[in-house]
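S.K.: The structure under discussion is supplied below as structure tokens; questions concerning it will follow.
The values are calculated or read from the model by the stated rules, or taken from the named source; none is laboratory data. Keep in mind the model is a prediction, meaning the values are calculated, not measured. Using ideal geometry, Cβ is built from the backbone for each residue, glycine included, and neighbour counts are taken over all protein chains shown. Areas reflect the complete protein model, heavy atoms only, side chains present, ligands, DNA and RNA absent. Shrake-Rupley method; radii C 1.70, N 1.55, O 1.52, S 1.80 Å.
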Amino acid sequence: MGLIKAGMGALGGTLADQWKEFFYCDAIDKDVLVTKGRKRTSSRSSNTKGNDNIISNGSVIAVADGQCMIIVEQGKIVEVCAEPGEFKYDTSTEPSIFMGSLGTGIKETFKTIGKRFTYGGDTGKDQRVYYFNTKELVDNKFGTPNPIPFRVVDSKIGLDVDVSVRCSGVYSYKIADPLLFYTNVCGNVEQDYERSELDSQLKTEFISALQPAFGRLSDLELRPNQIVSHNTELENAMNTALSAKWGELRGLKVVSIALGSVTLPPEDAEMIKQLQRTAVLQNPNMAGATLVGAQADAMKAAASNSAGAMTGFMGMGMAMNAGGGVNAQNLFAMGQQQAAQQQAAMQQTQQQAAQHPAQAGAWKCSCGAEATGKFCPECGSPRPAQENGWKCSCGAVNKGKFCSECGAKKPQGLPLYRCDKCGWEPEDPAHPPKFCPECGDAFDENDIR
């Protein structure tokens, strides 16, 4: 009885699986990452007794926008399609008499019956279709339960200090590599793989990656209040920080980040402001202006002193003397001196550039050295030959047959000269001097090019 049952099961199952299937997937819910494809059947369909995990040769699989389809056979990915449209699976190991020649189909069908008989009438095979949601998965809220270190750098004023920041917002991500996601995350799921199974892990890793990402923004010398307006830089920094855990392991990618706020503790914010005020006073002119304002305020306070104006002014004088006698006039004088020194240095640089212009006939060797002679002083390479050229009557130097300025034709039969020793060319190649001004060689018929 067992053999008869196995034979009937193998025959009936193989015949039922001869029909071609049509797989489809409705719009994937926003909370679903992966879902198993389903065969479309209706009340008029005769393909109602086939095995769910068998895909006959020639079956059609529909792929919509925002989806990626894979076919898994015996636990191994054998086909992938991410383009919207119709995919025909014509390389299946499960034969169908409706695909290819009838004789070949019948022959392969009998082989399948014999194989299933050895498995007790079962298929001995597993074929599945999975659909991946490749759309942007939005509205993933996050917040930092603990402060994140952030380095505030401003090279203009010499500011370099570590502070603590808190931030909150939302981010979105997408499945960029479905094969990695299937291999390392979801595997052979029975029906659906939902975001809730992975969101907690992703959120923890996302918050952990904020610290190295903020470090990259700090290298750009961004202040904490500027991070909100540099979302693109933050997204790139987050993808870099998460490349190992998200990109290379799971095939995920951060698409966008929207920060609601980035806040500093009051003491850190006040410290930065104070350091910025102090750095401004490095400029003698700004320090002088600040001192003038402070003296004006002190004079007002002295005039309104309850012990008498004279007592107030005496106290103000003692404070000024205790400050080392520095006054606003000295600071303004230091500022003018610094400005004069900077202007003098600029003028000196310009004069040096004017006194040492680029040498006539200078050329740059392929090794990078500057040379003026016929050979490179570093590697000994000869000076490269210059392209032929001629000077038009309008003054333009040309290489072609016509002048690029006035359109005049290049003179015919007029010899053009170039020194055969150093390559120097006269301004008017047709009327050279008697001797080359670079090497002293006389111009003769050997110099005609």
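S.K.: Please note which strands (runs of 3 or more DSSP E) are completely contained in segment 35-97 and include at least 1 residues that are open to solvent by 50 Å² or more (accessible area, probe 1.4 Å) and modelled with pLDDT under 90.
M.R.: Ranges flagged: 76-81, 85-89.
S.K.: Among the candidates V152, V138, V129, which residue alone is at pLDDT 90 or above, surrounded by 17 or more Cβ atoms within 10 Å (Cβ to Cβ), among the β-branched types (V, I, T) and not in a loop (DSSP other than H, G, I, E, B)?
M.R.: Just one listed residue meets the conditions, V129.
S.K.: For the list (1) surrounded by fewer than 20 Cβ atoms within 10 Å (Cβ to Cβ); (2) in contact with a Lys or Arg (Cβ under 9 Å, 6 or more places away or on another chain); (3) at negative phi, I need the number of the one condition that L159 fails.
M.R.: Evaluating L159 over (1) surrounded by fewer than 20 Cβ atoms within 10 Å (Cβ to Cβ); (2) in contact with a Lys or Arg (Cβ under 9 Å, 6 or more places away or on another chain); (3) at negative phi leaves (2) as the failure.
S.K.: When segment 172-217 is examined, which residues are found to be open to solvent by less than 60 Å² (accessible area, probe 1.4 Å), in a helix (DSSP H, G or I) and of a type in the set (A, V, I, L, M)?
M.R.: L180, V185, L202, I207, A209, L210, A213, L217
S.K.: In contact with an Asp or Glu (Cβ under 7 Å, 6 or more places away or on another chain), under 18 Å from E248 (Cα atoms), of a type outside the set (D, E) and in contact (Cβ under 8 Å) with a residue 40 or more places away in the chain, is that true of K203?
M.R.: No.
S.K.: Give the residue that is farthest from the chain's Cα centre (by Cα), with candidates limited to residues of segment 218-263 that are in a helix (DSSP H, G or I), farther than 26 Å from F132 by Cα and without any contact (Cβ under 8 Å) to a residue 24 or more places away in the chain.
M.R.: Among residues in segment 218-263 that are in a helix (DSSP H, G or I), farther than 26 Å from F132 by Cα and without any contact (Cβ under 8 Å) to a residue 24 or more places away in the chain, the one farthest from the chain's Cα centre (by Cα) is Q226.
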